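Derivation of every value follows stated rules applied to the coordinates shown; laboratory data play no part. These figures come from a predicted structure and were not determined experimentally. In this analysis, Cβ positions are derived from the backbone assuming ideal geometry, glycine residues included, and neighbour counts consider all displayed protein chains.
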Amino acid sequence: MKIILKLFILCVTFTLHAQTGTIKGLIIDKQSEIPLPGATVELLNQDTAIGTITDENGYFTLENVPLGRQSIRIKYVGYEPITLPNLDVTTGKDVTVNASLTEAFGKLDTVILTSETSKDRTVNKLAAISARQFSMEEVNRFSGGRGDVGRLASNFAGVSAPDDSRNDIVVRGNSPTGLLWRLEGIPIPSPNHFSTLGTTGSPVSALNPNMLKNSDFITSAFPAEYGNALGGVFDLGLRKGNPDDYEFTAQVGAFTGVEGMAEGPLGGNQGSFLVAGRYSLIGLVGGGGTSATPNYSDISYNIDLGTGTYGNLSLFGIVGNSDINLYGDKAEKDDLFAAKDENSFVKSNFHVFGLNHRITIGKKSYIKTVASISGSGNNFTEDRIIDIDTPDERTIKYTESDNKQNRITVSSLFNSKINNKITLRTGVLFENLKLKSFLRDRDEQPDLNNDGDPDLYTFRNTDESLNLFQPYIQGRFRLTEKLTLNAGLHSQYSSLNSQFVIEPRAAINYKVAPKHSLSLGYGIHHQNIPLPILFLNEDVNGELVQTNRNLDFIKSEHYVLGYDVKLAKSWRAKAEVYYQNITKAAVEAFPSSYSSLTEGADFGFNNSVVSLKNNGTGYNQGIELTVEKFFSNGYYGLLTSSFFESKYKGSDGIERNSPFNNGYVTNLLAGKEITVGKAQKNVLFFDTRFTFSGGRYYTPADLEASRQEGFEVLLEDQAFSKQYDNYMRLDFKVGFKINSKKKKRSHKFYVDIQNLTNRKNIFERRYNRLTNNIDRVDQIGLFPDVGYRFQF
């Protein structure tokens with residue numbers, strides 16, 4: 001910490017005087033992703049013309065740019081020009097933009113309308129439907145987001161996340177386990193603190209949004225390069241550091257913690273480094289749904305070694321650690337995670353170390369290869385206090401869980417622009433996944449040894465390894481100026497039981513008129529059964545056997561129809577109708593309500609489901625509406641509404657609500673910036689967010705049976721028949737940005753009041769073994785998140 005402070009002081013001492021800012025970036029061909037040298041970049045709406053051209057590597061730098069929101073226009077001979085609006089120019093940090101130009105379908109007319117880039121166009125050019133681009137600025141801007149990309153996604157149409165305590169992402173009624181996390185083109189474990197084996201969410205994200213570049217979030221019928229997922233894809237990328245100047249950021253926030261970040265040039269050939277570290281603060285200020293102190297920290301980096309004869313090479317990584325001790329004597333009555341009669345100890349970790357290499361082949365092709373080592377681990381121990389507050393009080397070991405998941409991943413793709421109408425991409429992804437999982441638990445176990453306590457049963461004691469092999473080929477075909485087809489094949493092989501599947505994917509986009517377009521998408525997608533279920537033990541004639549390990553992939557077919565209209569400049573509306581048919585879900589061999597489609601909404605999985613069969617089915621269907629005002633003229637707005645139905649069938653053949661069948665979700669976001677001061681260089685900003693959704697379905701408990709057994713007994717024949725009350729939350733954020741008049745510095749202060757009305761949204765109804773009643777537990781109430789950022 002002392003070293004970081006010294007670096008900050010040193011940088012402050014030598015900062016240059018500057019009342020203007022800088023815009024820099026890289027311009028590439030959208031199809032080939034090859035840099036475009038000689039493209040012109042012009043700053044708009046200025047009395048004096050300011051412009052430049054890209055160098056031989058496609059880079060440009062615009063200096064002496066006035067502060068505030070600015071726009072640039074980019075042109076290149078034979079390509080459709082674009083405008084990048086509302087770039088936030090400050091004195092504390094250079095603005096970096098990466099833009100892609102589309103080669104004209106035919107000969108350009110003398111006069112051509114300039115298109116504006118917008119977030120409905122994805123970074124991945126082959127994602128044509130049910131996809132959305134998001135930026136680092138959005139993650140940090142929206143009220144109630146806590147600097148978490150998962151919570152950002154909850155504002156998009158088709159996403160449901162009515163849980164203040166976790167950032168699980170429910171996409172169109174699918175379990176959160178159906179989500180694929182990717183970083184720099186490779187699958188990664190759940191990038192969260194306090195995550196557990198097989199889940200994809202947690203209370204706190206380990207992804208630093210200040211490290212991210214513009215990335216994609218895809219909710220259905222995703223392109224052929226994505227595999228082993230049913231519900232959606234988070235395709236994330238790390239931005240590069242500033243290749244010209246040293247820049248530093250110091251930041252503090254209730255959820256994001258205390259942060260230091262440094263970036264700057266490294267060697268020649270546009271090399272750079274970017275390093276950031278964070279440490280938790282919420283434990284010091286309280287909150288988070290528990291009285292215990294959560295400790296978490298993470299370090300992220302992206303080291304770009306520049307482009308040379310053998311291509312571009314970069315190193316990237318994230319390391320995160322977290323722990324929390326939950327003591328019963330400190331637990332509050334409404335604690336979400338602790339109880340008076342138990343002491344729990346939680347540790348978790350997450351890491352990704354990767355090497356990214358890219359080399360250009362000719363003038364229109366490249367090969368990109370990524371190799372990585374990644375993994376996650378979690379350790380959970382619970383001591384149960386028996387006969388608490390009585391003379392017979394004693395403590396026993398109740399749960400022991402130790403999980404380690406490591407994977408070696410190699411991904412390689414070849415991208416080639418055949419001509420201005422056809423782009424082809426083919427590649428392969430290989431994963432070697434190793435799992436060591438140990439779980440012993442007394443929950444719901446009999447007392448066979450007659451010691452007065454439930455037996456400590458070993459559910460998992462696994463040291464396994466499996467390989468996943470995923471080759472694919474896909475293409476983008478501009479059939480006419482109005483009609484574009486994206487199509488491909490993805491295949492997937494598992495060495496665990498020699499499964500092999502082929503998955504066709506296709507999406508068509510048709511421009512009905514200059515401002516109107518229709519999209520149609522279809523895809524088959526498979527995903528393996530969650531590993532905690534796959535490797536469960538069953539006692540077969542006194543021997544522990546993994547009777548689920550030969551289960552097949554779950555299969556899902558996606559159908560999507562979309563309509564998009566540009567209502568006005570910076571305004572757009574979008575509607576999508578979808579249907580998802582799911583088969584081969586894991587269910588029990590005898591008639592029951594259980595299905596693997598109901599897993600993934602909590603920290604753990606069902607430990608008693610063995611000898612499962614791939615006979616389960618389900619479906620998700622709905623309609624999504626989006627009206628969006630992209631940021632311009634000092635304000636933005638976003639309205640999303642989703643109306644959907646999520647159903648499943650267990651082995652008993654009865655159609656039931658899934659636990660993720662909220663029915664509807666509506667989000668309304670808006671924000672305003674006001675320039676203040678004599679020089680109009682400082683900004684006062686306001687942001688608000690309102691969310692309203694149906695409650696999740698749950699299985700009611702049998703009170704009398706629970707009292708007799710001493711633990712919660714659910715009415716399985718009434719699985720997910722009850723629905724929690726509607727969820728509603730209002731957040732409000734106000735802040736101030738200050739640009740230094742003389743030096744390269746900027747400050748940002750904000751107060752983000754989450755759940756402004758202090759509404760009591762229900763967390764769950766659960767049997768309380770101390771009160772012998774079914775108690776209601778509410779989610780987090782009003783919570784102020786205060787933050788400060790200093791860039792120089």
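Taking residue 574 as the anchor, which lysines have their alpha carbon closer than 22 Å to its alpha carbon, excluding any fewer than eight residues away along the same chain?
Answer for residue 574, where 22 Å is the Cα cut-off: 119, 125, 482, 511, 515, 566, 629, listed by chain and number.
With N set to the number of residues, divide the alpha-carbon radius of gyration of the stretch 357-436 by 2.2 N^0.38 Å and report two decimals.
Numbers: Rg = 25.8 Å, N = 80, 2.2 N^0.38 = 11.6 Å.
Against the empirical 2.2 N^0.38 Å value, I get 2.22 for the stretch 357-436.
Output the pairs from 240/364; 213/421; 340/397; 240/569 with a Cα-Cα distance over 20 Å in this structure; if there are none, say none.
Working: 240/364 23 Å; 213/421 28 Å; 340/397 15 Å; 240/569 31 Å.
Too far apart for the 20 Å limit: 240/364; 213/421; 240/569.
Explain nothing, just compute: Karplus ³J(HN,Hα) = 6.51 cos²θ - 1.76 cosθ + 1.60, θ = phi - 60°, for every residue of the stretch 352-358 in order, whole Hz, x for Gly and Pro.
Working through the residues one at a time gives 9, 10, x, 10, 10, 10, 9 Hz.
Name the residues whose placed amide hydrogens come within less than 5 Å of the amide hydrogen of residue 756, ignoring near sequence neighbours (fewer than 5 apart) on the same chain.
Excluding prolines and chain starts, which carry no amide H, the hits are 730, 731, 732.
Determine the gain in length on full extension of the stretch residue 64-residue 40; use 0.36 nm per residue of separation and subtract their C-alpha separation, reporting nm with one decimal.
Numbers: separation 24, 0.36 × 24 = 8.64 nm, distance 1.69 nm.
Computed gain between residue 64 and residue 40 is 6.9 nm.
Please list, ordered by chain and number, the residues whose modelled amide H lies under 5 Å from the amide H of residue 658; skip anything fewer than 5 residues away on the same chain.
Amide H to amide H, under 5 Å and 5 or more residues apart or across chains, residue 658 pairs with 646, 647, 648.
Which ³J(HN,Hα) values in Hz, rounded to whole numbers, follow from the phi angles of the stretch 488-497 under the Karplus curve 6.51 cos²θ - 1.76 cosθ + 1.60, where θ = phi - 60° and Gly and Pro get x?
For the stretch 488-497, the Karplus-derived couplings read x, 10, 10, 10, 8, 10, 10, 7, 5, 9 Hz, x marking Gly and Pro.
From the backbone phi of the stretch 375-392, what are the Karplus-calculated ³J(HN,Hα) couplings (6.51 cos²θ - 1.76 cosθ + 1.60, θ = phi - 60°) in whole Hz, Gly and Pro given as x?
In residue order, the calculated couplings are x, 8, x, 8, 10, 10, 10, 10, 9, 9, 9, 8, 6, 4, 6, 10, x, 8 Hz.
Of 155, 551, 60, which is farthest on the positive side of the dipole of the chain, counting Cα position, with +1 on Lys and Arg Cβ, -1 on Asp and Glu Cβ, and the Cα centre as origin?
Value: 60.
Within 10 Å, count the other beta carbons around each residue, average over each peptide in 208-221, 730-743, and list them highest first. Don't jump to the answer; show the numbers that get you there.
Values: 208-221: 22.9, 730-743: 18.6.
The peptides rank, most packed first, as 208-221, 730-743.
Kirkwood Rh, Cα Rg: Rg to Rh for the stretch 322-380?
Over the Cα atoms of the stretch 322-380, Rg/Rh equals 1.46.
Give the long-range amide H neighbours of residue 395: residues separated by 5 or more places, or on another chain, with amide H under 5 Å away, using H modelled in the peptide plane at 1.01 Å from N.
386
As I understand it, the value is the acute angle between the Cα axis of helix 2-14 and the longest principal axis of the Cα atoms of the chain; what does it come to in degrees, rounded to 10?
Helix 2-14 and the main axis of the chain meet at about 20 degrees.
In units of 2.2 N^0.38 Å, what is the alpha-carbon radius of gyration of the chain? Provide the component values of the computation, followed by the final result.
Working: Rg = 26.7 Å, N = 792, 2.2 N^0.38 = 27.8 Å.
So the Cα radius of gyration is 0.96 times the expected 2.2 N^0.38 Å.
At 222 nm, what value in deg cm²/dmol follows for the chain if DSSP H runs of at least 4 each add -39500 (n - 2.57) and the sum is divided by all its residues, to the nearest 500? Spell out each step's value before the answer.
Details: 6 runs with 39 residues, N = 792.
The helix-only estimate for the chain comes to -1000 deg cm²/dmol at 222 nm.
Normalised by the number of residues in the stretch 139-791, what is the relative contact order in percent for Cα pairs under 8 Å and 6+ residues apart?
11 percent
When we measure straight from the Cα of residue 647, which aspartates and glutamates land under 17 angstrom away, once same-chain ones fewer than 8 places off are left out?
Candidates past the 8-residue exclusion: 557, 599, 655, 716, 717.
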